[in-house]
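Engineer: Handing you this structure, nothing more for now.
The values are calculated or read from the model by the stated rules, or taken from the named source; none is laboratory data. Worth saying up front: this structure is predicted, and the values here are computed from it rather than measured. Virtual Cβ from ideal backbone geometry, glycine too; neighbours counted across all protein chains shown. What goes into the accessible areas is simple: the full protein's heavy atoms, side chains included, and nothing from ligands, DNA or RNA. Shrake-Rupley method; radii C 1.70, N 1.55, O 1.52, S 1.80 Å.
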Amino acid sequence: MSPNGNSAGDQAGHLMPAFELPSTASLRPDFIWGVSTSSYQIEGAAKEDGRGPSIWDIHCQSGAVINHDTGDVACDHYHRYREDVALMKRLGVQAYRFSVAWPRVLPLGRGSVNEPGLAFYDRLVDELLAAGVEPWLCLYHWDLPQALEDLGGWLNRESAAWFADYTTLIATRFGDRVKRFATFNEPSMFSLFSRSLGKRDQSGEDNLHRMIHHVNLAHGAAVDVLREKVPGASIGCIHSVQPCRPSGASEADAAATARLNIYWSSAFPDSQCRGEYPSFMRPLIEPHMQPGDMARICRPVDWFGLNHYSPVYVNAQPDSMLGFGFGEKPAGVPLTPIGCPIDPEAFGETLRTVHQSYGLPIYVLENGYGEYDKPGEAAAITDPGRIEFLRAYIGAMNVAAADGVDVRGYFVWSLLDNFEWDSGYSVRFGLTHVDYRSLRRIPKSSFTWYAGLIKAARRR
Ligand code: FCB
């Protein structure tokens, strides 16, 4: 039994004492439990019903993804969303965060609208509402329409206007039923890494700063559209915040770490929530700035979306972009099977830092545990490591809440195993196993555990 007297039961009602529940006693009574996914990672149906290509379709064709995997079929959520919503209902989550595939609703990114694409999200939203699960809609989880990339993508200042027009379409169509909106998922991640950071050079770094600023302008423009078009909208942006720590003791490692930390965890929230770029970056952004830009970017938001997994260990690599690389993790640090440090205290520290820095209500919109594909169904659905990870992280969140951190929700990444970007289907983050041949969904032991946790936490 756990400290608060809860214990998870499996579906037959047996107790599973090995998997104690963490205390949730310090969380708010209206705390929201959820799960997250994203469009390209689960939908599939990449060429169906008029969807246009995204930059990820093209990237996959380049052979850069492990095993030449693509999102063409993924979890086939496009056709199986009813089954997936039924899983959410069974899990007992109050909310589901998903993203809209921009090229599904606007195949060329702008201009002519693809009605069948919009109709898919109508069906999904209606199914969620009927199941009592609140839809949390993220406008951008990395699948930019390729047609816009061909026009320069986020390096083109016009991208803010394209994004505002896309937001208008989504707000007008779904704003009667959806009230929770996120503008971007992890802008620091896709600006830093999706451009395949290569060798260090002036134009590469200059383009990175240009892109950061344009994505910020797009965020601000979208917030304004949502406020105007959706009465009662609750709006935020989802940031990746992972403490960057030096992997060695040299001054160069310390300097590279401090620099990366700014780009990774501060550049976007500081500008969006405080109206200023970190001082180190200001002269670098300046060439891309026009009068009034900071006011366009810093629009009032309702919450801070936090994605957190683990600290990152950094070293100096003078020839690479921004002069950083990833170094050795300290000996003895426990790791997930895919090599991420398991450090619930770092999660608590991150929650405290975000609370102190921005003073906004926090929703944890991603946290989870990745494993490599395991042969055999029994092994694939038995995941004690994931349960232990979630137990420790949720426990750390409860401690942070007891210390006064205003955290209001927690969403596991992810409902389903799915297409894990350049790792393809080799890495699994789901509470539900997906057999990619049959597309059958099988809840893992962590699914049963999380369902038990939600039930116990909501009973309080
Ligand atoms: C996050 C991404 C999400 C998923 C998890 C594991 O950075 O937002 O799409 O890939 O990592």
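Engineer: Residue by residue through region 410-450, note down the ones that are open to solvent by 10 Å² or more (accessible area, probe 1.4 Å), within 21 Å of the chain's Cα centre (by Cα) and over 13 Å from residue 386 (Cα atoms).
Structural biologist: 420, 421, 422, 423, 425, 426
Engineer: Would you mind stating whether residue 460 is basic (Lys, Arg) and either closer than 22 Å to residue 70 by Cα or under 23 Å from the mean Cα position of the chain (by Cα) (or both)? Steps first, answer last, please.
Structural biologist: Numbers: basic (Lys, Arg): yes; either closer than 22 Å to residue 70 by Cα or under 23 Å from the mean Cα position of the chain (by Cα) (or both): no.
When the stated conditions are applied, residue 460 does not pass them.
Engineer: Now a separate question. Say whether the condition of being among the aliphatic types (A, V, I, L, M), open to solvent by 10 Å² or more (accessible area, probe 1.4 Å) and more than 16 Å from the ligand (Cβ to nearest atom) is met by at least one residue in region 169-177. Spell out how you get there, then give the answer.
Structural biologist: Residues of region 169-177 among the aliphatic types (A, V, I, L, M): 169-171.
Retained after the next criterion (residues that are open to solvent by 10 Å² or more (accessible area, probe 1.4 Å)): 169.
So of that shortlist, the ones also more than 16 Å from the ligand (Cβ to nearest atom) come out as 169.
Checked against the condition, which is being among the aliphatic types (A, V, I, L, M), open to solvent by 10 Å² or more (accessible area, probe 1.4 Å) and more than 16 Å from the ligand (Cβ to nearest atom), region 169-177 yields at least one hit.
Engineer: Among the residues of region 146-156, how many are touching a Lys or Arg at 6+ places or on another chain (Cβ under 8 Å) and part of a loop (DSSP other than H, G, I, E, B)?
Structural biologist: 0
Engineer: Tell me which residues, restricted to region 12-31, are aromatic (Phe, Trp, Tyr) and either outside any strand (DSSP E or B) or modelled with pLDDT of 95 or more (or both).
Structural biologist: Residues of region 12-31 aromatic (Phe, Trp, Tyr): 19, 31.
Once the filter is applied, which keeps residues that are aromatic (Phe, Trp, Tyr) and either outside any strand (DSSP E or B) or modelled with pLDDT of 95 or more (or both), region 12-31 yields only 31.
Engineer: Are any residues in region 65-79 assigned to a helix (DSSP H, G or I) and surrounded by fewer than 20 Cβ atoms within 10 Å (Cβ to Cβ), and if so, which ones? I'd like the intermediate steps shown before the answer.
Structural biologist: From region 65-79, those assigned to a helix (DSSP H, G or I) are 66-68, 77-79; that's our starting set.
Result: 66, 67, 68, 79.
Engineer: Still on this structure: Looking only at residues that are more than 16 Å from the ligand (Cβ to nearest atom) and either assigned to a loop (DSSP other than H, G, I, E, B) or touching a Leu at 6+ places or on another chain (Cβ under 9 Å) (or both) in region 256-269, which one is most open to solvent (accessible area, probe 1.4 Å)?
Structural biologist: Across region 256-269, the extreme among qualifying residues is 259.
One line per residue, one yes/no per condition, for (1) without any contact (Cβ under 8 Å) to a residue 40 or more places away in the chain; (2) within 26 Å of residue 421 (Cα to Cα); (3) surrounded by 20 or more Cβ atoms within 10 Å (Cβ to Cβ):
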{"site": "338", "(1), (2), (3)": "no, yes, no"}
{"site": "342", "(1), (2), (3)": "no, yes, no"}
{"site": "345", "(1), (2), (3)": "no, no, no"}
{"site": "352", "(1), (2), (3)": "no, no, no"}
{"site": "357", "(1), (2), (3)": "no, no, no"}
{"site": "370", "(1), (2), (3)": "no, yes, yes"}
{"site": "373", "(1), (2), (3)": "no, yes, no"}
{"site": "378", "(1), (2), (3)": "yes, yes, no"}
{"site": "385", "(1), (2), (3)": "no, yes, no"}
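Engineer: If you don't mind, another one. Failed condition for residue 253, given (1) among the acidic types (Asp, Glu); (2) over 27 Å from residue 309 (Cα atoms); (3) buried (at least 20 other Cβ atoms within 10 Å of the Cβ), with all others met?
Structural biologist: (2)
Engineer: Let me ask another. Condition first: of a type outside the set (Gly, Ala, Ser), closer than 30 Å to residue 232 by Cβ and open to solvent by 10 Å² or more (accessible area, probe 1.4 Å). Now tell me which residues in region 276-327 satisfy that. Let's see the steps before the verdict.
Structural biologist: So in region 276-327, the residues of a type outside the set (Gly, Ala, Ser) come out as 276-278, 280-291, 293-294, 296-304, 306-309, 311-315, 317-319, 321-322, 324, 326.
From what's left, closer than 30 Å to residue 232 by Cβ: 276, 293-294, 296-304, 306-308.
If the condition is that a residue be of a type outside the set (Gly, Ala, Ser), closer than 30 Å to residue 232 by Cβ and open to solvent by 10 Å² or more (accessible area, probe 1.4 Å), then 276, 294, 296, 298, 299, 300, 301, 302 are the ones that fit.
Engineer: Determine which member of the set 185, 216 is closer than 15 Å to residue 267 by Cα, open to solvent by less than 30 Å² (accessible area, probe 1.4 Å) and within 16 Å of the ligand (Cβ to nearest atom).
Structural biologist: Numbers: 216 fails: within 16 Å of the ligand (Cβ to nearest atom).
None of the other options fit; the residue is 185.
Engineer: Quick check on region 123-145: of everything there that is open to solvent by 30 Å² or more (accessible area, probe 1.4 Å) and outside any loop (DSSP other than H, G, I, E, B), which residue is nearest to the ligand (Cβ to nearest atom)? I'd like the intermediate steps shown before the answer.
Structural biologist: At the first step, the residues of region 123-145 found to be open to solvent by 30 Å² or more (accessible area, probe 1.4 Å) are 123, 126-127, 129-130, 132, 134, 142.
Right, trim to outside any loop (DSSP other than H, G, I, E, B) and you get 123, 126-127, 129-130, 134.
Numbers: 123: 23, 126: 25, 127: 22, 129: 24, 130: 27, 134: 20 Å.
Ranking the qualifying residues of region 123-145, first place goes to 134.
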